[in-house]
Amino acid sequence: MNTPRTVLFKVLRTDPAAPVPRYDEFRVPVGSRTTVLDALLAVRRLKDPGLAVRHSCLHGSCGTCGMRVNGREVLACVTRLQELGDPVVVEPLAGARVVGDLVVDMEPLYRRLEPVGRPLLRASERAGPDRAEAAAAPGTGPVLEELERFEDCIECGLCLSACPVAGDPRFLGPAALAAAERVLEEPRGTEGRAVLGLVDDAHGAWRCHLAFECSAVCPAGVDPGGAIMRLRRRLLADRLPRLVGKSHPHQEVPS
Amino acid sequence: MDAPHVIVVGGGGTGGALAHDLVLRGLAVTLLERGELTSGTTGRHHGLLHSGARYAVNDPESAVECIAENRILRRIAPGSFEENGGLFVALTDEDMDYRHNFLAGCAACDIPTRELTPVEAVGLEPGLNPALKAAVWVPDATMDAMRLPLRFFATARQGGARLRPFTEVTSLLHAGRRVTGVAVRDRLTGREGELGADLVVNATGPWCERLAAMAGVAVPVQPSPGVLLALVGRLCNLVVNRLHGAADGDIVLPQRALSIVGTSAWTVEDPDDLDVPDEHVQAMYREGAKLVPAVASAAERAAWSAARPLIGASGGEGGGRELSRTFKCFDHAVTDGVEGFVTITGGKATTLRAMAEATADLVCAKLGLEAPCRTRDTVLAPHTAYYTRRAA
């Protein structure tokens, strides 16, 4: 019988009462489907019930299990051990207060997101005019004028951890800027003007250093870096006519 | 006089909805969860807001609960659902035969339906298998399995509930045959302590037998896991169900840029130790592709298991599928002669509010309080408030 392969986990442990974090080592078995989260939960179940880790959906949809694995921001539930080397170094997200072990305080992310007021829902794919026309045709069953879906961003905070600028709490940060861009693109009843004011700030869209680390680590394909570039173009289009003393030639921002 | 203190053990959807309900009725509430909130069964479900149609033929009690709660939740949690509807799709002659019972069952349970021809159905949902024989539209919707419960937690905390994640109950405190509180260990600091309570509610889902055992009582709950498969790509916008009796891989539904296929069913003893059998994953691919052909070639994002808390005796033949999906509240004073201890279990994510209402009714009756349920009409705070508006 084959001995199952194992890898060495080095997990950064932070006890809120102890002054210095430490790395604890655990040897964990590797199956074809084993994820970093599976391994951590097995450690918690079999070796150390005090290992603190957040998780919920187990498929990359809730955004709770963000952490740094071998120095890179990932969702632990969709990161398989077979894609990693040995040892596997597991640390909490950077730039946030560590509540314990791999659990960080998510308040800084939500404090930045909340004022943007982006709805959870957006128009879905295939919800264009053709579809509305087809749905409105007689005899085609229930009418769906506008299909909707949840926004892609899962509020995991990987982008904030990876961003070289977001250590400054005044910076709005990639997640909130990407959310602002969505509000301007598809307002759904929100106030675009107020959001424009929020992001047109030295600590808003202009603070980004174009490192694009946010887009590299985003597990949901949001591309916050690209969104920030689109925001800047929008802000310039809004600003330039004012600077040269003319009225805005074409109103882009929904009132 | 101080309000009676109720400890809710279990930070899933049921515990969150219960904390919210009890706070609205004027009680002092502490909620304890050994891990992060929604880290048990709650966060892992496929995200379906049931219309009840799935249960209309064989489990009408659950069906009626689901459609009632479907309507209430849309009202109290606006913006938390993709309200694109659902289809039950007939692929075979057997499915077509089942259709008659299905439509009659839905009508009996007050679940709206609309029969669609194959052309109409594919017009509405182009992802469907074009070889379908018929489809029935129902008011299914999808939710975010974590963010809907978070709205209950956020609202409960705004109302004064103390929420304590990462706090494990290590034993129950007793005075004779009465439960008087809990002993806890803070999993972040390792600190241990005791909390007194006028009543302790066991809302630990498939783990409820474990807590009940600490009170020296048993609850007839069968942890029944199912495998779910997340695929890369939004392959449909509507919830797509197979029009037949419940079976493996009979639902495909969208979730952001993913699609979820569910599920299978078996039974286990330990809900912490769930396997993801490869043959179940293959069954999800095979059966899901019959409904939405693009499933067959979609890349796997993740496969995982979630344990349902089914009420019923152990050792059923059907992996728990024959058991009702309804919920039940146990007053252990009545069933076991143990005062101060109540268990709520069974049920579904869709019925979390109704489970909380029934439990809070029992809690108030036991504490001699007359306080009507107000959760049917109280609009919930946004999920972001859970993180940004900490109570004092």
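The values are calculated or read from the model by the stated rules, or taken from the named source; none is laboratory data. For clarity, every value in this text was computed on a predicted model and none was experimentally measured. Positions of Cβ are generated from backbone atoms using ideal geometry, with glycine treated the same way; all protein chains shown enter the neighbour counts.
May I ask you to list the residues in the stretch A:46-69 that are closer than 27 Å to B:Asp144 by Cα, facing chain B (nearest Cβ under 7 Å) and either hydrophobic (A, V, I, L, M, F, W, C) or more than 24 Å from the chain's Cα centre (by Cα) (or both)?
Hits for the stretch A:46-69 are A:Ala52, A:Cys57, A:Leu58, A:Cys62.
Of all residues in the stretch B:111-121, those that are under 26 Å from the mean Cα position of the chain (by Cα) and surrounded by 15 or more Cβ atoms within 10 Å (Cβ to Cβ) total 2. Applying the condition of being in contact with an Asp or Glu (Cβ under 8 Å, 6 or more places away or on another chain) and of a type in the set (D, E, K, R) to the stretch B:356-372 and asking which residue is surrounded by the fewest Cβ atoms within 10 Å (Cβ to Cβ) yields B:Lys366. For the stretch A:73-127, the tally of residues that are out of contact with any Lys or Arg (no Cβ under 7 Å at 6 or more places or on another chain), within 8 Å of chain B (Cβ to nearest Cβ) and either under 18 Å from A:Ala42 (Cβ atoms) or aromatic (Phe, Trp, Tyr) (or both) stands at 2. Taking the conditions (1) assigned to a loop (DSSP other than H, G, I, E, B); (2) of a type outside the set (Gly, Ala, Ser); (3) assigned by TED's automatic domain parsing to the domain that holds A:Met229 in turn, A:Glu146 satisfies each one other than (3). Among the residues of the stretch B:276-292, are any under 18 Å from B:Gly43 (Cα atoms) and within 14 Å of another protein chain (Cβ to nearest Cβ)? There is at least one residue in the stretch B:276-292 that is under 18 Å from B:Gly43 (Cα atoms) and within 14 Å of another protein chain (Cβ to nearest Cβ).
For the stretch A:202-227, taking the residues that are in contact (Cβ under 8 Å) with a residue 40 or more places away in the chain, part of a loop (DSSP other than H, G, I, E, B) and over 14 Å from A:Gly66 (Cβ atoms), the one that is farthest from the other protein chains (Cβ to nearest Cβ) is identified as A:His209.
Quick check, is B:Gly86 within 14 Å of chain A (Cβ to nearest Cβ), crowded, with 21+ Cβ neighbours inside 10 Å, over 20 Å from A:Cys57 (Cβ atoms) and among the small types (Gly, Ala, Ser)? It is true that B:Gly86 is within 14 Å of chain A (Cβ to nearest Cβ), crowded, with 21+ Cβ neighbours inside 10 Å, over 20 Å from A:Cys57 (Cβ atoms) and among the small types (Gly, Ala, Ser). Are any of the residues in the stretch B:262-271 of a type in the set (A, V, I, L, M), within 24 Å of B:Gly52 (Cα to Cα) and either more than 12 Å from every other protein chain (Cβ to nearest Cβ) or surrounded by fewer than 21 Cβ atoms within 10 Å (Cβ to Cβ) (or both)? Yes, the stretch B:262-271 has at least one match. Of everything in the stretch B:297-306 that's under 20 Å from the mean Cα position of the chain (by Cα) and either assigned to a helix (DSSP H, G or I) or surrounded by fewer than 24 Cβ atoms within 10 Å (Cβ to Cβ) (or both), which residue is farthest from the other protein chains (Cβ to nearest Cβ)? Ranking the qualifying residues of the stretch B:297-306, first place goes to B:Ser305.
Considering the stretch B:1-23, the residues that are among the aliphatic types (A, V, I, L, M) and assigned to a helix (DSSP H, G or I) include one that is nearest to B:Arg164 (Cα to Cα), namely B:Ala19. When each of A:Ala18, A:Ala76, A:Ala94 is tested for being within 30 Å of A:Asp168 (Cα to Cα) and in contact with a Cys (Cβ under 8 Å, 6 or more places away or on another chain), the lone residue that passes is A:Ala76. The set of residues from the stretch A:210-243 being of a type outside the set (Lys, Arg) and at pLDDT below 75 comprises just one member, A:Leu243. Kindly list the number of the only condition in (1) under 14 Å from the mean Cα position of the chain (by Cα); (2) over 29 Å from B:Asp275 (Cβ atoms); (3) free of Cβ contacts under 8 Å to residues at least 40 places away in the same chain that fails for A:Asp105. Here A:Asp105 clears every test but (1). For the structure I just gave you, tell me whether A:Ala52 is touching a strand residue (DSSP E or B) at 6+ places or on another chain (Cβ under 7 Å), of a type in the set (Gly, Ala, Ser) and under 14 Å from A:Val98 (Cα atoms). Judged against the criteria, A:Ala52 is a match. Of all residues in the stretch A:108-129, those being in a loop (DSSP other than H, G, I, E, B), out of contact with any Phe, Trp or Tyr (no Cβ under 6 Å at 6 or more places or on another chain) and in contact (Cβ under 8 Å) with a residue 12 or more places away in the chain number 7. Kindly establish whether B:Ala108 is within 25 Å of the chain's Cα centre (by Cα) and either modelled with pLDDT of 95 or more or at the interface with chain A (Cβ under 9 Å from one of its Cβ atoms) (or both). It is true that B:Ala108 is within 25 Å of the chain's Cα centre (by Cα) and either modelled with pLDDT of 95 or more or at the interface with chain A (Cβ under 9 Å from one of its Cβ atoms) (or both).
Can we say B:Ala230 is small (Gly, Ala, Ser), assigned by TED's automatic domain parsing to the domain that holds B:Leu173 and buried (at least 22 other Cβ atoms within 10 Å of the Cβ)?
So B:Ala230 fails the test.
Restricted to the stretch B:117-149, and to residues there that are of a type in the set (Asp, Glu) and under 14 Å from B:Leu49 (Cβ atoms), the residue that is farthest from the other protein chains (Cβ to nearest Cβ) is B:Asp140.
Here are some residues: B:Leu150, B:Leu128, B:Leu91, B:Leu87. Which one is over 15 Å from B:Lys290 (Cβ atoms) and either assigned by TED's automatic domain parsing to the domain that holds B:Asn241 or hydrophobic (A, V, I, L, M, F, W, C) (or both)? Spell out how you get there, then give the answer.
Values: B:Leu128 fails: over 15 Å from B:Lys290 (Cβ atoms); B:Leu91 fails: over 15 Å from B:Lys290 (Cβ atoms); B:Leu87 fails: over 15 Å from B:Lys290 (Cβ atoms).
Exactly one residue qualifies, and that residue is B:Leu150.
Residues in the stretch A:31-61 that are out of contact with any helix residue (DSSP H, G or I) (no Cβ under 6 Å at 6 or more places or on another chain) and within 19 Å of B:Leu229 (Cβ to Cβ): A:Gly31, A:Ser32, A:Arg33, A:Asp38, A:His59, A:Ser61. The stretch B:130-201 holds strands (runs of 3 or more DSSP E) entirely within its bounds, and those carrying 2 or more residues that are surrounded by 21 or more Cβ atoms within 10 Å (Cβ to Cβ) and hydrophobic (A, V, I, L, M, F, W, C) map to B:134-138, B:141-143, B:167-175, B:178-186.
Rundown of residues vs (1) assigned to a loop (DSSP other than H, G, I, E, B); (2) closer than 16 Å to B:Ile311 by Cα; (3) at pLDDT 95 or above; (4) touching a Gly at 6+ places or on another chain (Cβ under 9 Å), yes/no style:
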{"position": "B:Trp207", "(1), (2), (3), (4)": "no, yes, yes, yes"}
{"position": "B:Arg210", "(1), (2), (3), (4)": "no, yes, yes, no"}
{"position": "B:Gly226", "(1), (2), (3), (4)": "no, yes, yes, yes"}
{"position": "B:Leu253", "(1), (2), (3), (4)": "no, no, yes, yes"}
{"position": "B:Ile260", "(1), (2), (3), (4)": "no, no, yes, yes"}
{"position": "B:Val268", "(1), (2), (3), (4)": "yes, yes, no, no"}
{"position": "B:Asp273", "(1), (2), (3), (4)": "yes, no, no, no"}
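Could you tell me whether any residue of the stretch B:50-60 is in contact with a Pro (Cβ under 8 Å, 6 or more places away or on another chain) and closer than 19 Å to B:Asp250 by Cα? Yes, some residue in the stretch B:50-60 is in contact with a Pro (Cβ under 8 Å, 6 or more places away or on another chain) and closer than 19 Å to B:Asp250 by Cα. When B:Ala230 is tested against the conditions (1) within 12 Å of chain A (Cβ to nearest Cβ); (2) not in a strand (DSSP E or B), the lone failure is (2).
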